[in-house]
Each structure stands twice: as C-alpha cells, then as structure tokens.
Amino acid sequence: MHISSLSIRNFRNFRSAKLKFTKGINTIIGENGSGKTNLFYALRILLDNTLPRYISFYETDFNRSLGTWKGHWLIISVVFEELDANEEAQAIAIQACGQMDQESKGSYSVYFRPKYELRRKIYDYSLREDKCPKGLEDILTQISLADYETVYLCRGEADFSDDESYRRYVGDFDKIEFPNPDDKEELAFGTRPPSEISIHNEVSCTFIKALRDVESDLRSYANNPLLNLLRGKEKTVKIAKQNEIIESIDNLNEQISSLDEVKEIRRGVDKSIKDAVGTTYAPNIDIRSEIPNEMEKLFQSLKLWVGDPDDLGYKGKIWELSLGGANLIYLSLKLLEYEKVKSDNIANFLFIEEPEAHIHTHIQKTLFNNLKENKTQVIISTHSTHISSVSKISSVNILARESQRSLVFHPAHNLEQSQTIRVERYLDAVRSNLLFAKGVVLVEGDAEQILIPEMFKKVFGLSLDEIGVSLISIGSTGFENIAQIFHADRIQKHCAILTDSDQSIVSLPADPNKDNDYQKHCRKSQKSGLERKNRLTEFCKGNKFLKLCLANYTFEVDLLINNNSWEYVHCLDKIYARQADIDKFKKKLEEESVDISGVEVLRIADKVGKGWLALLVAEELVYNTYIPNYILDAIAFAAYSLNESSKVKAISYRLMAFREDDDNNYQEEASKFLIEGKSEETIINEFCDTFQDDQLTKFLKLL
C-alpha cells in the first residue's frame, strides 16, 4: 500500500492543492516559503502517531487568501493504492471500488469544519429569498473556533482540491448556496473508521526533520535517536551480567562516598547548618555518589564518540565534528531507528525534510540513491539541485509561491514514458536549476550562458538569480525535450527559447550552383535555421508558457551589430600580439555592413572558440552595452513575476550610471530625477516617461 495523492484545502500555504506520489522514493522541491514543511505536517496529521490524535487547529492554519476563514472548511486527505486484502486495509477502502485487488484504493481524511448547528444555520439562510452577502456576513462574523469540530473519516471519494467539489459539498460563498447538513454524503466525505481500528496505529510513519543543527537533539533525552535505539535493550542483558555491573557500580559509589575529601566537605556542610539553626532543627547531612545502578538509566548515559575518517585513532564528542558530520550521524541514526520500528503494518512511510543541509554534494546524491525502499514509501523535500538531478521527474512535485498561496506542478503529467526518460537524462545538477526557477531561458550553448547573465547584470544592476530566472544551456538546438515540461498540464512557469535564425550574413546568388564555399556554408545554415524556426514555432503554438525568441543571424553577430563593436574591439589585444593585426580587425569589426563585421566576428569566434571569446567580451561589458531586443524579450517573458522593488533597484542603478558618465546624454535628466518620498509605481512610471529610449524602459514595457 502506498500514498498516490494528497489533497489539501485551505490549510496554511495551500488554498487548493493536489500532490501526486508513486511507490518508492518521491521528491518535493520548491523555493523558501513555498510550503514544504507545511505539506509534511499535513501528512503527519493523518499518519504520524507521535503527534496528538486530535490536532488543534487555529485561525492561522487557514489559508490567508480566503479573506475570512469563518465558515470555510480545512480539509486534508490522502488516497492510497494497492491495498492489501486485510481487515485494516478494508477499513479505508473506497466503497465504489468493489472487491480488493491491485487496483483498489482507499482514503483517509481530516475535516476541520463548522459544527452541525452552524452548518444548519447557514443552510437555512441560503434558502431564504431575501438572502444577500451582508446577511451571510452577519452570520459568519459571529463564528469562533469553538463552533468548529475535527472529524476523521475513511473511504471518501470527493477531491476537495477541486473547486467544483468544494462548492458542491461545502458551499458556494459567492452565490450563497450551501448543502443540507442532514445529507451526510458518505460517498463523498467518507465514514468513520471502525472503533477498533486506528489508522495511526496501522501504519508506520517516521519523520526526519530538516538537519540544520541537530546537536541539541543528540544531547537530549526525549529526541536522541541513539537512546530511542537503546530503549528496551536493557531487558535483554543477561541477569548474571546485570548483577555483575550493578555490584560494580554499588562498590564504586561506596568508594567515591568514602573518599576523605568527600567526608571533609560533608562535615563542613553539617557543621555550617548546625551552627546556623542549632542541633535541634538541623537535618542530618551526608554526601553520597549516585551513579545509577539500574540498567535502563545506565543505557541512557551512553554517548556517541566519533572521529573524522582522516584522523585515525582519535575520537571525541559529537559536537567536535563539523556540523555536516553531525548531521550525517543523526540522519544515519534516524534511518536505523526507522528500520527498527518499521513493522509489518499495512504501510511504512519515511518522510525526510531537506537532508542536504551542511552535507557534501557527493554524499547527497549517494544518500538519495542508497535509500532503502523495501516495503516503504519515501518522501523527501529538498532545495538541492544535486538531489533533484537524480530524481525521476515522474515522482517529483514542484511547489511554487503565488500571492498568499502555493501552487503544485507535476513535471511529467501527460508525458509519454520515452519523453520523461529524455528529460531525466538531461537534468544534471546544473540544469536541474530550471525546476527551482520562477522563469527559465533556454539557450543553445556556452557563449550565451556566459555572456547573457553578465550583460544583464552590468546593464541593469540585477542578476538573473536575483529575479528568479535560470538561464540553461541545452548544448544543442534540441529544445523540445526540456521545453515540453513547461505546459498547463505540467510546470506552469514561463520558459523562453532563445536561439538563432542563422540568416546568411553574406549575399547569396539566386542560383545556388554559383555559391562559393563560404556561401554554401551560409546557405546550408540558413536552411537549417528556417527549418528550426518553423519547427519551434509550431511546437510553441497554443502554449502560453513558451515563447520563441530569435536572433536574426547568430548570437555573436546580433550582439556585435547592436552597437557593441567597442566590447569586441577591446578584446583584440588579448587575442593578437601584433598591433597591425589589431588595427586591421578593429576596422572590420566596426564596419556597419554585416557581411564584413559579421564575417569577422564569426572568424574570431572560430579561431579562439565561442566560449572563450564570450569570457573575453564579458570582461569588457559596460552599463551601456546594448542588449539585443530578442534577448530582452526572452528575459522579460521569463521574469514575468518581477516585483516593483527589483524594478526600482534597476532604476536606481541606471540613474547612478547616467550621473557618473560625462558622455551620456541622460546625465542632466538623471541629476534632476528624484526618488525619495515617491511610491514605487510612481518612480517606475516617471522613469519610463523621462527616459523613453533607454534599454531599461524598453525592458519594463516588455514585462
């Protein structure tokens, strides 16, 4: 038996969310604040017997986007698949599934809902002809948490992450339409489990919290996994051995207590008390050693002593290790503890929150690959690209933040297995960044990957990382394999495909038979570029999450001819030693005709390599390097969620650059432009009105 889905309604980050899981290992990835910890807590409310049986919910547990929580329901539900044919599993089996088989499903849900009397009151009001939003609000305003109840039910079929189901079975607050609470709708909500069966006790659920600093747990009695492993072991020690140890400890206590130094202190304390209150009222004093002589307490005194693998022969206290070393030991103990408590219950679940904290990247990947599945379903949350790179996207859920709620994406939804496999092969630790980004730009190769982020930062004072955009090199022009995961069915984030049209940079004869060798090469590239353009245009058609952005020629040529010859010219002394060569090639690069300057920049790129030339040009970038329109368009599409503060930061950066550049036409206007005391919206609008031809204005209008 395993969890196939988790539906969450109105709980913390989640207004309405559905996560899908597979057997074995599952991964949850997402940015900070996207709800990974809350998701685990939702699962644990239903499955973890270390939590209180009936959780107390509070006003703050309701999703903030509701406006007012009053009257709404908080619902968490898991669906299980492949139930075993035993009594415990049948207790949660969805009734409509019929006989138990490999396709059988079960469900278990918790509802935090208004009590019957209140639901009845709301329903009765919804039947009135004079009902209105104000009247409903008057009823809801009087509600408190005392009017709510917590109910656990099995076998429910309704998916309350679906808005239509929520409106039908809970109520439509906008239309003031609510169901009759006397209609129990057991097929939708479920029924109470048999009194003799507690789902919490029928499954094994272990949660390993985020390993940011585990030293306190390793010191404590209640949370120390070593002590959890040792509990009960004292009963298996042979009686003769126990008696021998206890006798030794009793003797040791007697020896310590009879030390002259201890007796001297005892006599001093005894005399001091009697001198103070007299012998009539003074208690009799003794000092005795109390090393525990019970096996259980002796086991509790055991501590781990550890040493680094490179420092043979030395072992010290756990806190002498690096934090990463302590985390590794803690995680290992928790996994061992899990193996110990794991049982033959109807299911075993292991939840691990962010195991990567302070752990070396190689160890992260090894840990992930070596987790034992056995009869266990494992769910891991992570920020780590190294863990996500070895995850199967068919078992990945991606969390993304949106205003006051989190969204859930399934990157392999509706993909064929062959398509999924291609994506998984591609996602190494670098490229898996695209799973974490707010937006993505896919590029052909190293030159774009090196130059575009540097150019954007130099021109606008913002890094792509800062605005949540990942720029990923495909290493080819086969964009479709990766771009297909950005879709309404899968990851609903913007992805721009940035590639070359490869138009010929030299004039071509009308008759291809008259081409020289260079023209033949250009004609062939132009044909391939047109085919690629048509293919990708068709691929992106109808998908609002994809955008094709094309260079007229190639990246190097388009960058050069957009008034950026200065940057290339200043690289020449790092490529050529002779001044005559530098002067000669400088003249060609500065030519306005693309059939001269374009040919020259591609010749240099071919000579030193496109990646190396990009590194050289990156060193020469300035604030007024001109970013080609197709690149601005791609980044603007990917950065659709750019906030006002980032825009104002870029404006401040541009204004400072204008003021410091004596040759800039905007210096006077920039000196007069004031930011203090204005709203962000006003600053942005005034900047765009004042500097209408600036690159930043163009970028802001593209957003």
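Taking 0.36 nm per intervening residue step and subtracting the Cα-Cα distance, what contour gain separates D162 from N543 on full extension?
Answer, rounded to one decimal: 134.9 nm.
Would you please classify the overall shape of the range 481-536 from the alpha carbon gyration tensor, given that a ≥ b ≥ c denote the square roots of the eigenvalues, rounded means a/c under 1.5, and beyond that prolate means a/b larger than b/c while oblate covers the rest?
prolate
Rank the residues S195, S646 as a footprinting-exposure proxy: fewest other Cβ atoms within 10 Å of their Cβ go first.
S195, S646
Using a/c under 1.5 as the rounded threshold, could you call the range 437-632 rounded, prolate or oblate? The axes a ≥ b ≥ c are square roots of the C-alpha gyration tensor eigenvalues, and prolate needs a/b larger than b/c, oblate otherwise.
oblate
Just rank Y116, Y426, fewest to most, by other beta-carbon atoms within 10 angstrom.
With the fewest neighbours first, Y116, Y426 line up as Y116, Y426.
Past the 24 Å Cα-Cα mark, which pairs from K20/K438; K458/K584; K70/K438; K70/K209; K134/K175; K36/K547?
From K20/K438; K458/K584; K70/K438; K70/K209; K134/K175; K36/K547, over 24 Å: K458/K584; K70/K438; K70/K209; K36/K547.
Select from the range 267-296 those trypsin sites (Lys or Arg not before Pro) which occupy a DSSP coil region and have at most 13 other Cβ atoms within 10 Å, ordered by residue number.
Passing sites in the range 267-296 are R288.
Could you check the simple spin-label distance between N243 and L674, using points 7 Å along Cα→Cβ, in nm with one decimal?
9.5 nm
Among 689-702, 67-80, how do they line up from the highest to the lowest mean number of other beta-carbon atoms within 10 Å?
Listed from highest to lowest mean packing, they are 67-80, 689-702.
State, to one decimal in nm, how far the label point of A146 lies from the label point of I197, with both points 7 Å from Cα in the Cβ direction.
Placing both labels 7 Å beyond Cα along the Cβ direction yields 3.7 nm.
Can you find, among S645, N685, Q667, the residue farthest towards the positive end of the dipole of the range 643-702? Put +1 on the C-beta of Lys and Arg, -1 on that of Asp and Glu.
Final value for the positive-end residue is S645.
Place the peptides 50-58, 13-21 in order of packing, highest mean first, counting for every residue the other Cβ atoms within 10 Å and averaging per peptide.
13-21, 50-58
Within the range 649-700, which GluC sites (Glu not before Pro) sit in a loop by DSSP and count at most 15 neighbouring Cβ atoms inside 10 Å?
Here the GluC sites (Glu not before Pro) that fit, given the DSSP loop and packing criteria, are E676.
Percent relative contact order of the range 643-702, based on C-alpha pairs within less than 8 angstrom and at least six residues apart?
So the answer I get is 36 percent.
Ranked highest first by the average count of other Cβ atoms within 10 Å around their residues, in what order do 526-534, 574-582 fall? Show your work: numbers first, answer last.
Working: 526-534: 14.9, 574-582: 12.0.
The densest-packed peptide leads the list: 526-534, 574-582.
Taking the Cα centre of the range 437-632 as origin and charging only Cβ (+1 Lys, Arg; -1 Asp, Glu), how large is the dipole, in debye to the nearest 20? Mind showing how you got there, number by number?
Details: 25 positive and 29 negative charges, 102 e Å.
Here the size comes out at about 500 debye.
If a/c stays under 1.5 just call it rounded; otherwise compare a/b with b/c (prolate if a/b is bigger, oblate if not). Do that for the range 413-543, with a ≥ b ≥ c from the square roots of the Cα gyration tensor eigenvalues. Don't skip to the end; give the middle numbers.
Values: a/c = 2.48, a/b = 1.50, b/c = 1.65.
Oblate is the answer for the range 413-543, as a/c is 1.5 or above yet b/c matches or exceeds a/b.
At a 10 Å Cβ-Cβ cut-off, how would you order M455, M295, fewest neighbours first? Don't skip to the answer; put the middle values down first.
On the way: M455 24, M295 17.
Final ranking by Cβ density, sparse to dense: M295, M455.
Tell me, what HN-Hα J-couplings in whole Hz come from the Karplus equation 6.51 cos²θ - 1.76 cosθ + 1.60 at θ = phi - 60° for each residue of the range 20-33, using x for Gly and Pro?
10, 10, 10, 5, x, 9, 10, 10, 10, 10, x, 6, 4, x
With a cut-off of at most 13 other beta carbons within 10 Å, and DSSP calling the residue loop, which GluC sites (Glu not before Pro) in the range 20-114 qualify? Please list them. Please report the intermediate quantities before stating the final value.
Values: sites: E31, E59, E81, E82, E87, E88, E103; in loops: E31, E82, E103.
Sites meeting the loop and neighbour criteria: E103.
Given that compact globular proteins tend to follow 2.2 N^0.38 Å, what is the ratio of the alpha-carbon Rg of the range 104-186 to that value? Show your work: numbers first, answer last.
Details: Rg = 13.8 Å, N = 83, 2.2 N^0.38 = 11.8 Å.
For the range 104-186, the normalised Cα radius of gyration is 1.17.
A short reminder: the numbers here are calculations on the coordinates, not readings from a lab. Everything numeric in this text was worked out from a predicted model, so none of it was measured. Don't worry about glycine lacking a Cβ; one is built from the backbone with ideal geometry, like all the others, and counts go over all protein chains shown.
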